[in-house]
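A short write-up of the structure that comes next.
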Amino acid sequence: MRNTDRGTCRQALRAGLVAFALAGAASVFAADDAQRGTGAGTALRMEPVRPTPVAADPETGKRLYQRWCAQCHGDEGKGDGPAADFVYPRPRDFTLAIFKVRRTPSGALPTDQDLYEIISRGLPGTSMPAWSRFLSESDRWQLVHHVKTFDSLGLFKEEAPKEQVAMDQPPTVTDALVARGKALYQDKKCWQCHGSLGRGDGPSASGQKDEWGHAIRPVNFTKSWRFRGGDRIEDIYRTFSTGFNGTPMPSFVDAIPATEDRWALAAYVKSLARPPRTGQVLRAPHVAGELPDDPWAATWESAEFADFPLAGQVIEEPRWFKPMHDVITARALYNDREIAILLEWDDGTNDTGAGGKPVDRVTIQWAASAPTEGEKPYFLLGDARHPVDLWRWSASGAFERVLARGAANQSPRDSGRVRAAGSYRDGQYRVILRRPLAGTEGEMAITPGSFVPIAFQLQDGYSGEVGTKMSVSTWYSVLPQPETPMSVWLWPAGFALATVVGEVWLIRRRRGPPEGR
């Protein structure tokens, strides 16, 4: 076969692969021609690709790849290294030269600079780290050259990109721009995958797969720290313009041909993100009257929230290296009789355990008794000497209370005075767990002004998280804040008044009696 024929066949094969990868997007983003645009006037403004500054050194590139990359991506770049089964999403298969984050049009190869940026900055929300912290600039360029050698179709040799999408300065973000982006989000049916509030819970979110048949989930736009290509407005605009090759996420150049409209959509998506507010202490203000029973009650908005990081449980068998959840949000309120904890977490699917499938579940872990000399129980389900009190709420509506002395020693206990209520709405769970302040046997008393140890566990039914397959936190603290006594306000006011009276008296004394007396 002649080289030209071989190149044509390779191009056709690549086009077929990309078309297959994006086929699922056709049903997700389907709309009439007038809504999506006909392709006229949709050309991206392009600019030349910068030359690669470092020449390839094959031996160095291979050595670096074997040392740092093969454990995930495999010796032959197929994404099948020994660690591949333990991470989500799975490592990239380099053999088809399909890459997500690029500044080249949909379906095109990435530039060397694109690959260098990903190697340098990593991919948030994945196991791909930022190698700029560990490798020199020259070493990272050698990895770029070596990654391209895995291209089984020879595309990098025959179709190396010469142009990339030009990135203009982003516009000033205004309320009007965000409102325009919100309208486009609805009109172009972004909500079908990403949900009405951007939490990745749209009707088309379940069952999606990438080019290699691996299950993937739409991005939760409220968690900008997980955006694969970065969370700057420029990064979001680039993704809308180029798409994510190998996934159902297409380029929106045809659907949204006007550059200013894609910037507007990027501005709206950016507005959905909430930066995390992490801390060590969950502060619970005092409430005069009854605590709210409704997890969505407006009263909860007055309570300060805190985001507590979660990680996969990798200590006890079976270990879990690819947890779905990485954070849980909590609020707390208390009155003269009881304390209530509100837990919030985003979940793209509402798994109630129907048909015997795994159920979504959240657990609060307390020390079963007050720690002596500051010694807390083992953070993972307690230990023989220091048991923990577990409150578990399931999306099925079930509630159970367990006394645990380690993962292998858990026994159910009566729910006692603990009450639970929760529901799912717009891609988010909210669950209230409450109990009286006064402790009983096997239950630690909660005293205003005292730090009470607390930990959290989450299980995602869609991901098959059962048993010890879960996301867990370390120990944190709940602090019921004491009511502020009136004396705190009266003493400063009285002191200020006495100071003013004293100054007036001193001034009059120094001036002496009025003249004429």
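The values are calculated or read from the model by the stated rules, or taken from the named source; none is laboratory data. What you see is a predicted model, and the numbers here were worked out from it, not measured in a lab. Reconstructed Cβ throughout: ideal geometry from the backbone, glycine too, with neighbour counts over all protein chains shown. To get the accessible areas, we keep the full protein, side chains included, count just its heavy atoms, and leave off ligands, DNA and RNA. Shrake-Rupley method; radii C 1.70, N 1.55, O 1.52, S 1.80 Å.
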**Prompt:** Can you list the lysines whose alpha carbon is less than 17 Å from that of Lys469, not counting same-chain residues fewer than 8 positions off?
**Reply:** Lys322, Lys357
**Request:** Starting from the coordinates of the alpha-carbon atoms of region 285-365, obtain the Kirkwood hydrodynamic radius over all distinct pairs and give the value in Å to one decimal.
**Result:** 15.2
**Item:** Amide H contacts under 5 Å for Thr447, placed H, 5+ residues apart
**Value:** none
**Message:** Show log10 I(q)/I(0) for region 116-251 at q = 0.14, 0.16, 0.17 Å⁻¹, two decimals, from a solvent-free Debye sum over equal Cα scatterers.
**Reply:** -0.85, -1.08, -1.19
**Request:** Just name one of Ala84, Thr104, Cys72: the one whose Cα is farthest towards the positive end of the charge dipole of region 66-131 (beta-carbon charges, Lys/Arg +1, Asp/Glu -1).
**Result:** Thr104
**Fill in**
Rounded to the nearest whole number, the per residue volume of the convex hull around the C-alpha atoms of region 66-134 in Å³ is 95
**Message:** Give the lysines reachable from Lys148 as a straight Cα distance under 23 Å; neighbours fewer than 8 places away on the same chain don't count.
**Reply:** Lys62, Lys78, Lys100, Lys157, Lys162
**Request:** For the chain, evaluate the Debye formula with one uniform point scatterer on each Cα (no solvent term) and list log10 I(q)/I(0) at q = 0.13 Å⁻¹, rounded to two decimals.
**Result:** -1.27
**Item:** Surface share of carbon and sulfur [accessible, 1.4 angstrom probe, percent] for region 44-103
**Value:** 54
**Request:** Just need log10 I(q)/I(0) for region 116-185 at q = 0.18, 0.26 Å⁻¹, Debye formula, equal scatterers on the alpha-carbon atoms, no solvent, rounded to two decimals.
**Result:** -0.91, -1.13
**Request:** Over all directions, average the projected area of the Cα convex hull of region 257-414 and note it in nm².
**Result:** 14.2
**Request:** Decide, for region 153-199, between rounded, prolate and oblate: order the square roots of the alpha carbon gyration tensor eigenvalues as a ≥ b ≥ c, take rounded if a/c falls under 1.5, and otherwise choose prolate if a/b is larger than b/c, else oblate.
**Result:** oblate
**Item:** Length gained when the stretch Phe305-Ile507 is fully extended (0.36 nm per residue, less Cα-Cα span)
**Value:** 67.7 nm
